[in-house]
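The values are calculated or read from the model by the stated rules, or taken from the named source; none is laboratory data. None of the values given here were measured: they were computed from a predicted structure. Using ideal geometry, Cβ is built from the backbone for each residue, glycine included, and neighbour counts are taken over all protein chains shown. These accessible areas exclude ligands, DNA and RNA; they are computed on the full protein's heavy atoms, side chains included. Shrake-Rupley method; radii C 1.70, N 1.55, O 1.52, S 1.80 Å.
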Amino acid sequence: MAHTTDIGGCETTLPTAAVTPWNDTVHAFLAHGAATPQHLGRTLAAAPDFAQGHAAKCLFSLLLGRRELVQTASDCLAAAQDAARRVPPNAREGAYVTALEAWLTGRPSQAAAVLEAVLAGHPRDALAMKLVQAIRFVLGQPEAMRHSIEGISDSWADHPALGYLKGCYAFTLEETGDYAAAETAGREGLLLARDDAWGLHAVAHVYDMTARAGDGLYWLSGQTEAWEHCNNFRYHVWWHIALMHLDQGDYASALELYDSKIRADRTDDDRDISNATSLLSRLEIEGVDVGARWEELAELAGHRTDDGSLVFADLHYMLALIGGHREHAQAELLGRMAGDAGRGESEIDRLMARPGLSAANGLEAFGEGQYAEAFLNLNAARRDMQSIGGSHAQRDVFERLTIEAALRGGYLNAAERMLADRTRKRGGAVDGYTSRRMDLICAARQNALHRNAEERRA
């Protein structure tokens, strides 16, 4: 057995020739680099019986949230198991295969737990660190993400990938409401890792949550080198910039970024669809005519109604179908979600049942102009929406639609309470959206008073 070490000093079974491409793979994955698959390909070419490499390929596939890639991951699992029989992995490497098996049997949280056990014995394993963050993010578990980072940080003082750990920590701090510490950690991380798009975007999240759009635009300007190298994550960073323009009421700039950056490549990747649909929904809530932009999204989403890999993705597909007025496809998506919820075999199935179906039904009702029904369904899902994964900023589109349904359905007090709760979660910061909605509530109440006074005079 070879005795080589990876980027964090963890012992591997890799031959010497495969160590550099493997470290390049890990580095690229930490940085959300577009070159990650190429580096992994070079690793497996140099070490075709590297079980951990095959397992990592599978886990990367599952993180993409596409039903067809489940079969790809299953094939990778077979390859990993075959490789392990030919060249037995060490215990740390073998745990990646175990984590993959857990996810493929419908237990992604168990996959994360297996990798957290790896970190307990090997806290400098950079790939395990990032995979735990990624899986827990998909599952909507920011407290667990933060706990995982805090449990290993003492072992990373001289780690060559320390900047990426700080970037991950910044995001967990932001998602758990510690905004000042998140901004500090994210800035520190970027000083060590200039290509850490995740850390940079964590600071962007802080600006979103603390209603500092102008500061956020200044922070992101001139730092495109931090995300130019990325896979489609770069579109998500541009999405954040568009949201900052939106908060300032600069709808034209938001739409220009939609066309030139966010939908520059018209993929059907669920992450790209979620960026696009949530931005268009926000714009329409503000009364902006987005033209025919829904059409291509609805066409793509219409081919994803049978997916079911992630509730988060399904709900954004529903937004696209509503925007494009694809009633038949909406019914197909709802029917499939109901079937998954009724089956209840996996963790994702159970999330389809709650909060998935209530949220999807609420979105459909909103699209039909049935605002009271939309509010009741969306509000029923609201308490559990954290569990669909994603960030506070991403899920905020559903919060806004719930509030909008309340306003249009005549539930002004409920809308005001939700706005107050939304502001509380932002540390008391009042953003442009909340300010505009409070103005609408005040105007509605004033109009009601005037009508009542006129009726009394009559």
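Exactly one residue out of 85, 146 is open to solvent by 20 Å² or more (accessible area, probe 1.4 Å), assigned to a helix (DSSP H, G or I), touching a Leu at 6+ places or on another chain (Cβ under 8 Å) and free of Cβ contacts under 8 Å to residues at least 40 places away in the same chain: that is 146.
Residue-wise test of (1) crowded, with 23+ Cβ neighbours inside 10 Å; (2) at pLDDT below 95; (3) part of a helix (DSSP H, G or I); (4) of a type outside the set (Phe, Trp, Tyr).
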| position | (1), (2), (3), (4) |
| --- | --- |
| 1 | no, yes, no, yes |
| 27 | no, no, yes, yes |
| 38 | no, no, yes, yes |
| 53 | yes, no, yes, yes |
| 60 | no, no, yes, no |
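Taking the condition of being under 30 Å from residue 70 (Cβ atoms) and in a loop (DSSP other than H, G, I, E, B), how many residues in segment 340-378 meet it? Within segment 340-378, residues that are under 30 Å from residue 70 (Cβ atoms) and in a loop (DSSP other than H, G, I, E, B) number 3.
Scanning segment 3-25 for residues that are farther than 25 Å from residue 194 by Cα and not in a loop (DSSP other than H, G, I, E, B) yields 4, 11, 12, 16, 17, 18.
Of all the residues in segment 134-144, those that are over 18 Å from residue 347 (Cα atoms) and in contact with a helix residue (DSSP H, G or I) (Cβ under 6 Å, 6 or more places away or on another chain) number 0. For segment 122-130, the condition of being part of a helix (DSSP H, G or I), among the charged types (D, E, K, R) and open to solvent by 50 Å² or more (accessible area, probe 1.4 Å) holds for none of the residues. As a summary of the residue check, residue 398 satisfies the conditions (1) assigned to a helix (DSSP H, G or I); (2) of a type in the set (A, V, I, L, M, F, W, C); (3) under 20 Å from residue 215 (Cβ atoms) except for the one numbered (3). Hey, any hits in segment 412-427 for a residue that's surrounded by fewer than 16 Cβ atoms within 10 Å (Cβ to Cβ), modelled with pLDDT of 95 or more and polar (S, T, N, Q)? Yes.
Among the residues of segment 108-140, the ones that are within 18 Å of the chain's Cα centre (by Cα) and either more than 28 Å from residue 315 (Cα to Cα) or free of Cβ contacts under 8 Å to residues at least 24 places away in the same chain (or both) come to 2 in all. Does at least one position in segment 179-199 carry a residue that is charged (D, E, K, R), part of a helix (DSSP H, G or I) and in contact (Cβ under 8 Å) with a residue 60 or more places away in the chain? No: zero hits.
Go through segment 357-395 residue by residue and tally those that are open to solvent by less than 10 Å² (accessible area, probe 1.4 Å) and touching a Pro at 6+ places or on another chain (Cβ under 8 Å). Counting residues in segment 357-395 that are open to solvent by less than 10 Å² (accessible area, probe 1.4 Å) and touching a Pro at 6+ places or on another chain (Cβ under 8 Å) gives 2. When we screen 302, 323, 335, 339 for residues that are open to solvent by 10 Å² or more (accessible area, probe 1.4 Å), modelled with pLDDT of 95 or more and out of contact with any helix residue (DSSP H, G or I) (no Cβ under 9 Å at 6 or more places or on another chain), the only hit is 335. Checked against the criterion of being more than 28 Å from residue 172 (Cα to Cα) and in a helix (DSSP H, G or I), the candidates 406, 381 yield just one match: 406. Here is a list of conditions, (1) open to solvent by less than 20 Å² (accessible area, probe 1.4 Å); (2) over 21 Å from the mean Cα position of the chain (by Cα), and residue 288 meets all of them except one; can you say which number that is? Only one criterion is unmet by residue 288, namely (1). When 186, 163, 249, 222 are checked against the criterion of being within 30 Å of residue 7 (Cα to Cα) and either among the charged types (D, E, K, R) or surrounded by fewer than 19 Cβ atoms within 10 Å (Cβ to Cβ) (or both), a single residue qualifies: 222.
Summed over segment 252-279, the residues that are more than 24 Å from residue 435 (Cα to Cα), surrounded by fewer than 20 Cβ atoms within 10 Å (Cβ to Cβ) and small (Gly, Ala, Ser) give a count of 2.
Taking first residues from segment 278-299 that are at pLDDT 95 or above and partners that are charged (D, E, K, R), the Cβ contacts under 7 Å between residues at least 6 apart in sequence or on separate chains come to 280/293; 282/400; 285/400; 285/404; 290/284; 296/266; 298/326.
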